[in-house]
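Read through the structure below, which is laid out as structure tokens, and then see the notes.
Values in this text are rule-based calculations from the coordinates and carry no lab data. The model shown is predicted, which means the values in this text are computed figures rather than measured ones. Reconstructed Cβ throughout: ideal geometry from the backbone, glycine too, with neighbour counts over all protein chains shown.
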Amino acid sequence: VEHYLQKIESSSHLNAFVEVYADEARSTAAVVDAKLVNGTAGRLAGMVIGIKDVLSHKGHGLQAASQILDSYQAPFTATAVQRLIDEDAIIIGRQNCDEFAMGSSNENSSFGPALNAADNSKVPGGSSGGSAVAVQAGLCHASLGSDTGGSVRQPAAFCGVVGVKPSYGRISRYGLIAYASSFDCIGPITKSVSDAALLLEIMSGDDDYDSTVSTKEVPAYSASLNWEGKARIGYIQDTLENEAISVDIRQRTKAVLDRLRAEGHEVVPVEIPLLDSLLPTYYILTTAEASSNLSRFDGVRYGHRSAESTDLESMYKKTRTEAFGPEVRRRILLGTFVLSANYYDAYYTKAQRVRRLVREETNRFFEQFDFFISPVTPTTAFTIGEKTEDPLQMYLADVFTVQANVVGNPAIAVPNGFDQQGMPIGIQIMAPYFGEEKMLAFADYLT
Ligand code: GLN
């Protein structure tokens, strides 16, 4: 704990943490020490973990990096966080992210951007940017992020660490601030696949507080990291050829596929017919859900309330206008539009239908294949400010990550070397629904 507290202090320019619980971490460490001596310590004894500022931790600040939750404190602890605490993990602080987990660069945080530790002029990715850079820079052993369309995997790739988005319903969302409820997943960010497997195993499983969580038994992921046999792998040829993807990423992706082929795996180019529909489907459905989820922030129940209001109506409006950042306002507007009476069928209903078709396509794919392999991102980490003027460019970069959330399947990002500027590159493995066990074993074998 002392080591990490010093590291956090000396790396404060990275802006990875928005709050550090130094005294509490020290006293928890003392308790865990005593448990280690008397043999009652849990499986995460000594593991120092940071949590994204969207996860409730009773009695601690919780803001989703937004001013609308200014000075709000969580009244209970998220199930995923509680399960880590129950195994004697030490929570060291809450981490910077894009406001309400909306973004790909951590630039939408009301606490300012976090920086990539490999090059401080670059973004760490987002929305779990603080969580990824904290692991990259060695400010904690592991972080918890949330992934609605890539927010664990993309920053993991930009920072050269491991990020897992589990199957939808694998980990309880109780205590996770909702962005788009039918997409949101909590996931670990770690240095190794084995750490990710252990955290996943501990956080997963049935929970009375989340009716969408699966009652499926949780396999011992951390004990199953021994891949054997040959895998059937699909990939899209275009990801090796499309010039919108950086040359280094295409080459590194190809190198992995070549290696797997050489090791006797079946590696086959495939067509994914609805690929062009993924991003529109994702952005229509998630903004719709967000506009509904964020309606609770009205100045009455949580955090900030405008001092300028004259009546109830103006209180709602002024509070929300003052305290939501531009990207959150943009998404509330988009979501309200696609849900409005005149456009509901043209956008929302249609996107729901496309979502079902993509699911069917993906299921058909996994009848023939064990894994789908792709880059995580079309480019490595970009320069701070480079994409802020053009939100559409930012959205388009989510092309590889959103499929797993649209369909609900698990996916993992693992490091795959560096580009010529020394920025980390990731590679993504997507697996069948609830196929975490094999996915983690294969990811471990690959790394
Ligand atoms: N970059 C995506 C977005 O802006 C993903 C966000 C997320 O997964 N929370 O919506």
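At a glance:
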quantity: Rough spin-label spacing in nm, given labels placed 7 Å along Cα→Cβ, for Arg356 and Gln420; calculated: 4.9 nm
quantity: Nitroxide proxy distance, nm - points 7 Å out along Cα→Cβ at Asp345 and Asp208; calculated: 4.5 nm
quantity: Reachable aspartates and glutamates, given that their alpha-carbon falls under 12 Å from the alpha-carbon of Lys230 and they are not under 8 places away in the same chain; calculated: Glu263, Glu266, Asp370
quantity: Share antiparallel - DSSP beta bridges, the chain, percent rounded to 5; calculated: 65 percent
quantity: Per-peptide average of other Cβ atoms within 10 Å, ordering 1-13, 325-337 highest first; calculated: 325-337, 1-13
quantity: Between segment 324-384 and segment 126-147, the Cα center-to-center distance that results, in Å; calculated: 24 Å
quantity: Rounded Å value of the spacing that divides the Cα centres of segment 74-114 and segment 422-446; calculated: 23 Å
quantity: Most mobile listed residue (Arg173, Arg356, Arg250) in the chain, GNM with C-alpha springs under 10 Å; calculated: Arg356
quantity: Peptides 433-439, 154-160 ordered by average Cβ neighbours within 10 Å, highest first; calculated: 154-160, 433-439
quantity: 19 Å cut-off, amide nitrogen to a point 7 angstrom out along Phe76 Cα→Cβ, residues in segment 192-223; calculated: 203-215
quantity: Among 38-47, 293-302, the order from most to least packed when residues are scored by Cβ within 10 Å on average; calculated: 293-302, 38-47
quantity: Reach of Lys318 by Cα under 30 Å, taken over lysines that are not fewer than 8 positions away in the same chain; calculated: Lys52, Lys58, Lys387
quantity: Taking Thr377, Thr388 and counting other C-beta atoms within 10 Å, the order from fewest to most; calculated: Thr388, Thr377
quantity: Distance between modelled label sites at Asp33 and Ala244, nm, 7 Å Cα→Cβ extension; calculated: 5.5 nm
quantity: Ranking of Tyr445, Tyr174 by count of other Cβ atoms within 10 Å, fewest first; calculated: Tyr445, Tyr174
